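Novice: Before I ask anything, let me first share the structure, which is written out below as structure tokens.
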Amino acid sequence: MGWEIDPILVALVLVNLLLLGASRLAACVRLVAVQGVLLGVLALLVQVGWSPWRAVLLAGGSILLKGIVFPRLMWKALRGAEIRREMEPYVGYTLSVLLGLGMLGLTVWVGGRLTLPVPAASHLLVPVALFTTLTGLFLIVARKKAITQVLGYLVLENGIVTFGIALSHEAPLSVELGVLLDVFVAVLVMGIIIHNIREDFDHIDADRLVSLKD
Amino acid sequence: MMPSAVGMLVGLVLAPLLLGVVNRVKAVFAGRRGQPLLQPYRDIGRLLRKGAVYSPTTTWVFRAGPVVGVAAGVVGLALLPLGGCRALVVFSGDFMLLIYLLGTARFFVVLAALDTGSAFEGMGASREVAFSALAEPALLLAMAALVRATGMRSLSDAMGKVWSDVWLPSMPVAVLVAAALAVVLLAENARIPFDDPNTHLELTMIHEVMVLDHSGPDFGLVLYGSALKGWIFAGLLAGVLVPLRTGSPWLNAGAAVVGIFAVAVGVGVVESSMARLRLVRVPQLLVGAGVMAALAVLLVR
Amino acid sequence: MILLLTGLGVLLATGLVALPWRDGLRAGRVAAAGSVLGCGLVTVPAVRALVGWDTPALDLPWPVPLGSFSLGIDALSGFFVLVVALLGALAAVYGVGYLAHAAGHRRLGVPWCLYNLLLACMLVVVTARDGVLFLVAWEVMSLASFFLVTFEDEREEVREAGWTYLLATHLGTAFLLALFLVLAQGGSLRFDTFRELPSPLASVAFLLAVVGFGTKAGFWPLHVWLPEAHPAAPSHVSAVMSGVMLKTGIYGLLRVLTVLGPPPRWWGWLLVGIGVTSGLLGVLSALAQRDLKRILAYSSVENIGLVALGAGLGVLGLAFDLPVMAALGFAGALLHVLNHAVFKGLLFLGAGAVLHATGTRDIERLGGLLRRVPSTAHAFLVGSAAISGLPPFNGFVSELLILLAALAGVSERAGGVAVPATIAVAALGLVGGLAAACFARAFGVVFLGVPRQGLDREPAEATPAGMRLAMATLAGLCVAIGLGSSYLVPRLVPAVGELTGLTREELLTVLGWDVGRILLAVGLVGAAFGLVALLLARLRARMLRMREVGSSPTWDCGYAAPTARMQYTASSFARPIVELFSLVLHTRIDEVRPVGMLPSGARLQTRAPDVAEAHGFRPAFVAVARLSERLHVLQQGRVQVYVLYIALALLVLLVWQLGLGR
């Protein structure tokens, strides 16, 4: 056990790094979709003591929702709001990638020190889960647009799901599905809000929401 | 000893053929017949038989550039293992000597470019040093990943254990190292997506523009030197990619040579299917290669 | 020991003899002869101590109430004595010719006396065995170099540089005073009475040493005085300051490490961190400069960073009980100390020769000097290749040793050593690549192509024989160490033994056998490389012998009349890298881009203010100055008030003393 899921975990890490370095919104949406599919495959492979039904259900849900439905929704939001294609970063792309590497080192260190109630399927699983979560947070913090915030939340959620896979014995299926549903609603709401913001204010840069505070 | 020496000779003889293979692959993709496979040999031979023209601003440094380039390539081949077949000279940290020998060659090529006093060649030299400064840590980190994965500190020993210590237990390390090496190979050998060897616009070139002023035998040496450099990088990449390690060094070396030509085919495919990157994106890709190599180091248990 | 004392005596005596001399040229000859003789004398005991034959010590009482005049040469001291003596003697030989043009209108006795004093003090600093003697020699060394920096004190920027230097060096000395108080623990200040300190105190001492000695060595961000002071001094003094005086800081740090006992891990992390930061920021700042000597000064920060990196890896090796890594790290650091002295000395002497020939240090005005001052150019080329760490020159060998130390750490399982080692590998690659870029730029712009702007005078190889001899010797050493390091490195075993506490047998297997074989291979491959290049050059010349060799202007893409002003400038050359790292460099780029169909008047200028100075020290000093103005009320100008202050101070002291006595 371990070596067959390692390539997927590494691919997850690479997707995270690419997300940090990507300058085009469309590319980011595609990358998040890829990440969702990868997560589904991961859930299929890590089936220690699960019923196969559960694994298939989770994997199928993940692939369907994150790989197909969410990207479609965001695609629509992008089209509808006529958003410019760039990510508009606060932190430059190259620096983001290097910071990402730093975060990865940190999570590997933390992952080595955390004691889990059950042994994880791979020594990489916990660091990758933490790293994905951190990447999501970073995207939320370091990019300007509202839509990238949605992307960030999605990546964050992917990290949490990875963590859930690491602790597959503990987390009941309902929690997983509940989380998925939460995000689903969140994406929908965001889509609607973005649409409305765009109609009212003509732009969707989150940093300009500051003007609303008065 | 015997297979190592033959391996070095094979490199000396076959290096220009790599260029022929790349060109042929590109031609096939473009639906052309393409130039003969042996065209690079003919080019080099023709240039070596010609006279030369020099600019009055140049000094011996200009003439030294191509010579040092070929010398570094020749000596570098002695340090290059062909897959599981050991190199002629093996010691801990030998890859550093190999990388820095190529660095010496680059240093003199850059000086030769500056010696002409041309704005274009200065521009090429400036880009070359900037990009190679980023490629160097990526290359060293890739080597460090191999060292950590195999526990061996010389190139030949590390390559010899790539199969049993890297490929079997953790494929991601091998893939990441190979990816980083591939990026560095494309950048250092002035291939698309970093540089377009066929462009006719000097402003967009990196490597070609530095040797604009070389002619005759000097240019022949430049071509041969860059062919040797290409062989060395392809050899490194093939050593990681082709995990065939048998008891017979002859078989290992043969597999590696096949791997090297496979790398050349791969370069041709990349060149046919990609466009040149904008110059500002080049550093990002090189940093990406470094990050992949660093990731490989982190992944080794 | 007698030889060391005689050597010191010769240095001081000839310096004093030269002091009142009217004829500057003769004063220089006497003082330089004294330097060479003195340095020659001290090498004998130094070599004997280095290889471990005998380690003499000398202990004289002196009238000063504190401390004693005790000197000693062990292997570590012997190594640094050798470095000082080597460059000190060669720079003196160079200096005679270099200062000759100033002999007409300037008294040269004083600078020559100071020069010999500087050498003598450096020798005492690295051999002192008593805290008081050490600090006295340290202080006199700093003062002598301060007066040498302000040699051309009629120029505003030289005075400015002098004050910056004086301030920085005294701040450093303040930390050293505290360091010795901590080390002595109230007892004697003699080195042999220093005992291992309990752990929090040892760390305090280590930090004091890093700051105090790091100021002299030029660790980033304590380096700010360095790019000001080194260019201002006469070139042979710059060579000595950059090549060896910085190393007294390294010596101090290493010496303190030997008395502090087994190091905790974070010392190694700190040193590796300092090394990486200094290396990277040093070379990046060097790339952005246009004053030739400032380039060299910043590159000293880089090389000191590499030394710190090696020492840091060595400390990590000790802390994690990895003897091979420790030995390799410290051996690499020591060898880089020697190598940097050789090539940086060479480059400063070369820069001096350029200044001597052209009257300017601004590389944007230079170009094409290879044809006009060939011997300087060739020496500078060797130095440039060596400092870029290119084989077959010496810089490569020490960088290889440091890399081997890092590789020993990379293969370890423990993250505390593997992570810094990996960072060190990446940093070595990046710094090496950037250094090559920096010196390709320096050499290419100054010596190749055609002159960029009209110079005040036609540069001519006026280079006197002494200057040429010194440069040729150092260039020869660059090659000799590069090819023959397999002989040299095993000689460092006793010195590394003092730093690591490993036994001679252990070290001989690592440095003598393993590394010896590696370096033998490096030397052979390097020699083969040179040989193949020579053969190819012969072959190429033979091919062209019977053929038509033409001459035509440089191909400029169809433009038929290229001029000197169309050449790529140094600023443009460095621009891609400077822009890439603008986040850490804070470079200001002034440019007017060409616009329209028929553009006119485009220009580009990059300025790289020192980050540490602009964002760290200047605001701090401004704040201090503001604070000091508040204290102006105390300064009344009336004698009565001052007497009051004195009385009050005495009273407070009395009360304190009595209170403490209880």
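Novice: Between C:Ser600 and C:Ser551, what is the spin-label point distance in nm, taking each point 7 Å from the Cα along the Cα→C-beta axis?
Specialist: Each label point is offset 7 Å from its Cα along the Cβ direction, giving 3.6 nm.
Novice: Leaving out ligands and nucleic acids, note down the accessible area per residue over the protein assembly as shown with a 1.4 angstrom probe, in whole Å². List each step's numbers first, then the result.
Specialist: Details: 45700 Å² over 1177 residues.
Normalised by residue count, the accessible surface of the protein assembly as shown is 39 Å².
Novice: Relative to the longest principal Cα axis of chain C, at what angle does helix C:415-447 sit, 0 to 90 degrees, rounded to 10?
Specialist: Roughly 50 degrees, rounded to the nearest 10.
Novice: Give me the percent of Cα-Cα pairs in region C:615-661 that sit more than 14 Å apart, rounded to a whole number.
Specialist: Details: 738 of 1081 pairs.
Roughly 68 percent, once rounded to a whole number.
Novice: Continuing with the same structure: Specify the angular offset, from 0 to 90 degrees and rounded to the nearest 10, of the alpha carbon long axis of helix C:394-410 from the longest principal axis of the alpha carbons in chain C.
Specialist: Helix C:394-410 and the main axis of chain C meet at about 60 degrees.
Novice: Another question, if that's okay. Mind computing the radius of gyration and Dmax over the alpha-carbon atoms of the protein assembly as shown? Å is fine for both.
Specialist: Here Rg and the maximum Cα pair distance are 31.9, 104 Å.
Novice: So what are the ³J(HN,Hα) numbers for region C:48-53, from phi and the Karplus equation (6.51, -1.76, 1.60; θ = phi - 60°), rounded to whole Hz, Gly and Pro as x?
Specialist: 4, 6, 4, 7, x, 6
Novice: A follow-up question, please. So which lysines pass the test for A:Lys66, namely a Cα distance under 29 Å, with those fewer than 8 places away in the same chain ruled out?
Specialist: A:Lys76, A:Lys144, A:Lys145
Novice: Say each of B:Met274 and C:Leu16 gets a label point 7 Å from the Cα, pointing the same way as Cα to Cβ; how far apart are those two points in nm?
Specialist: Each label point is offset 7 Å from its Cα along the Cβ direction, giving 7.3 nm.
Novice: Can you list the lysines whose alpha carbon sits under 23 Å from that of C:Lys293, skipping same-chain ones fewer than 8 residues off?
Specialist: Within the straight-line limit of under 23 Å, C:Lys293 reaches these lysines: C:Lys216, C:Lys247, C:Lys344.
Novice: Skipping prolines and chain starts, which residues have an amide H placed within reach, meaning under 5 Å, of the one on C:Phe69, given they are 5 or more residues away or on another chain?
Specialist: So C:Phe69 has HN proximity to C:Leu60, C:Trp62.
Novice: Compute for chains C and B the buried accessible surface, both sides summed, probe 1.4 Å, and express it in Å² to the nearest 100. Let's see the in-between values first.
Specialist: Numbers: alone 29140 and 13230 Å², together 36220 Å².
Heavy-atom accessible area buried at this interface is about 6100 Å².
Novice: Semi-axes, largest first, in whole Å: what does sqrt of 5 times each Cα gyration tensor eigenvalue give for region B:154-298?
Specialist: For region B:154-298, the ellipsoid semi-axes come out as 30, 20, 12 Å.
Novice: Right, something else. Within straight cross-link reach of B:Lys26, meaning Cα distance under 22 Å, which lysines are found once same-chain residues fewer than 8 apart are removed?
Specialist: Of all the lysines, those that pass the test against B:Lys26 - Cα under 22 Å, at least 8 places apart if same chain - are B:Lys229.
Novice: A further question on this structure: So what does C:Val110 come to for accessible area, using a 1.4 Å probe and Å² rounded to 10?
Specialist: Rounded to the nearest 10, the figure is 70 Å².
Novice: Let me ask something else about it. Place +1 on the Cβ of every Lys and Arg and -1 on the Cβ of every Asp and Glu in chain C, take the dipole about the Cα centre, and give the residue among C:Ala89, C:Val44, C:Leu507 whose Cα lies farthest towards its positive end.
Specialist: In chain C, that residue is C:Ala89.
Novice: What helices in chain B pass both tests, a Cα length along the helix axis of 24 Å or more and a mean Kyte hydropathy of -0.5 or higher, using whole DSSP H runs? Mind dumping the intermediate values first?
Specialist: Values: long enough: B:2-30 (41 Å, 1.69); B:60-77 (26 Å, 1.59); B:94-115 (32 Å, 1.70); B:119-150 (46 Å, 0.96); B:171-188 (25 Å, 2.43); B:216-241 (37 Å, 1.24); B:249-273 (35 Å, 1.47); B:281-299 (27 Å, 1.82).
Correct list, ordered by number: B:2-30, B:60-77, B:94-115, B:119-150, B:171-188, B:216-241, B:249-273, B:281-299.
Novice: Now a separate question. Which value in deg cm²/dmol, rounded to the nearest 500, describes the helix-derived mean residue ellipticity at 222 nm for chain C, given -39,500 (n - 2.57) per DSSP H run of n ≥ 4 and division by the residue count? Working shown, then result.
Specialist: Details: 25 runs with 456 residues, N = 662.
Roughly -23500 deg cm²/dmol at 222 nm, from the helical runs in chain C.
Novice: For chain B, what is the convex hull (Cα atoms) projected area averaged across all directions, in square nanometres? Intermediate results must be reported in sequence, preceding the final value.
Specialist: Numbers: hull surface 59.3 nm².
For chain B, averaging the hull's shadow over all directions gives 14.8 nm².
Novice: Accessible area lost on pairing B with A, both sides, 1.4 Å probe, Å² to nearest 100?
Specialist: Working: alone 13230 and 10900 Å², together 22780 Å².
Summing both chains' loss of accessible area gives about 1400 Å².
Novice: What FRET efficiency comes out for the pair B:Phe261/C:Val140, r = Cβ-Cβ distance, R0 = 56 Å, nearest 0.05?
Specialist: Values: r = 68 Å, r/R0 = 1.22.
Result of the calculation: an efficiency of 0.25.
Novice: Largest first, what is the accessible-area ranking of B:Arg42, B:Arg245 with a 1.4 Å probe?
Specialist: Working: B:Arg42 135, B:Arg245 50 Å².
Largest to smallest exposure gives the sequence B:Arg42, B:Arg245.
Novice: Given C-alpha coordinates of region B:1-159, what is the ratio Rg to Rh with the Kirkwood estimate of Rh?
Specialist: Values: Rg = 18.5 Å, Rh = 18.2 Å.
Taking Rh as the inverse mean 1/r over Cα pairs, Rg/Rh reads 1.02.
Novice: Something else about it: Given a 1.4 Å probe and every protein chain left where it sits, what share in percent of the accessible area of the protein assembly as shown is carbon and sulfur?
Specialist: Here carbon and sulfur together make up 67 percent of the probe-accessible area.
Novice: Accessible area of B:Lys161, 1.4 Å probe, to the nearest 10 Å²?
Specialist: Estimated to the nearest 10 Å², B:Lys161 gives 60 Å².
Novice: While we're looking at this one, here's another question. With no solvent and one equal point scatterer placed on each C-alpha of region C:1-123, evaluate the Debye formula and give log10 I(q)/I(0) for q = 0.09, 0.10, 0.13, 0.23 Å⁻¹, two decimals.
Specialist: -0.27, -0.33, -0.53, -1.16
Novice: Something else about it: Considering the Cα trace of region C:279-385, what is its radius of gyration and what is Dmax, both in angstroms?
Specialist: In order Rg, Dmax, the Cα atoms of region C:279-385 give 17.0, 55 Å.
Novice: Which residues, if any, in region A:1-45 lose at least 50 square angstrom of accessible heavy-atom surface (probe 1.4 Å) when the other protein chains sit next to their chain rather than the chain being alone?
Specialist: Relative to the lone chain, where solvent access is computed with a 1.4 Å probe, region A:1-45 loses at least 50 Å² at A:Val10.
Novice: Give me the one-decimal nm value for the distance between modelled label points at C:Arg195 and B:Arg32, 7 Å along each residue's Cα-to-Cβ direction.
Specialist: 8.3
Novice: Moving to a separate point now. What relative contact order, as a whole-number percentage, does chain C give when Cα pairs under 8 Å and 6 or more residues apart are counted?
Specialist: On the way: 1116 pairs, mean separation 79.0, N = 662.
Contact order relative to length: 12 percent.
Novice: Find the relative contact order for region C:272-414 and round it to a whole percent, using C-alpha pairs within less than 8 Å whose residues are 6+ positions apart.
Specialist: On the way: 198 pairs, mean separation 36.6, N = 143.
Answer for region C:272-414 is 26 percent.
Novice: To the nearest 20 debye, what charge dipole does chain C have about its Cα centre, counting +1 at the Cβ of each Lys and Arg and -1 at the Cβ of each Asp and Glu? Can you show the working numbers first?
Specialist: On the way: 47 positive and 37 negative charges, 236 e Å.
Once rounded to the nearest 20, the dipole reads 1140 debye.
Novice: Further question on the same structure: Which stretch or stretches of region B:251-287 have amide N atoms under 11 Å from the point lying 7 Å from B:Val6's Cα along the Cα→Cβ direction?
Specialist: B:251-254
Novice: Note down the magnitude of the dipole of the protein assembly as shown about its Cα centre, charges +1 on Lys and Arg C-beta and -1 on Asp and Glu C-beta and zero elsewhere, to the nearest 20 debye.
Specialist: Values: 85 positive and 68 negative charges, 356 e Å.
In total the dipole reaches around 1720 debye.
Novice: So, one more: How big is the accessible area of C:Glu629 in square angstrom, nearest 10, if you roll a 1.4 angstrom probe over the protein chains?
Specialist: The accessible area comes out at roughly 120 Å².
Novice: Okay, moving on. Could you order C:Arg22, B:Arg32, C:Arg540 by accessible surface area, starting with the largest, using a probe radius of 1.4 Å? All intermediate terms of the calculation are to be shown ahead of the outcome.
Specialist: Numbers: C:Arg22 180, B:Arg32 140, C:Arg540 25 Å².
Order by accessible area, largest first: C:Arg22, B:Arg32, C:Arg540.
Novice: Tell me the relative contact order for chain B as a rounded percent, counting alpha carbon contacts under 8 Å between residues six or more apart. Spell out each step's value before the answer.
Specialist: On the way: 514 pairs, mean separation 95.1, N = 301.
Answer for chain B is 32 percent.
Novice: Then there's this: Whole-Å semi-axes of chain C's equivalent ellipsoid, largest first, each the root of 5 times a Cα gyration tensor eigenvalue? Please list the in-between numbers first.
Specialist: Working: eigenvalues 331, 198, 147 Å².
Semi-axes from the Cα gyration tensor: 41, 31, 27 Å.
The values are calculated or read from the model by the stated rules, or taken from the named source; none is laboratory data. The structure displayed is predicted, hence computed values, not measured ones. For neighbour counting, all protein chains shown are included, and Cβ atoms are generated from backbone atoms with ideal geometry for every residue, glycine included. Quick note on the areas: whole protein, heavy atoms, side chains included, nothing else; ligands and nucleic acids left out. Shrake-Rupley method; radii C 1.70, N 1.55, O 1.52, S 1.80 Å.
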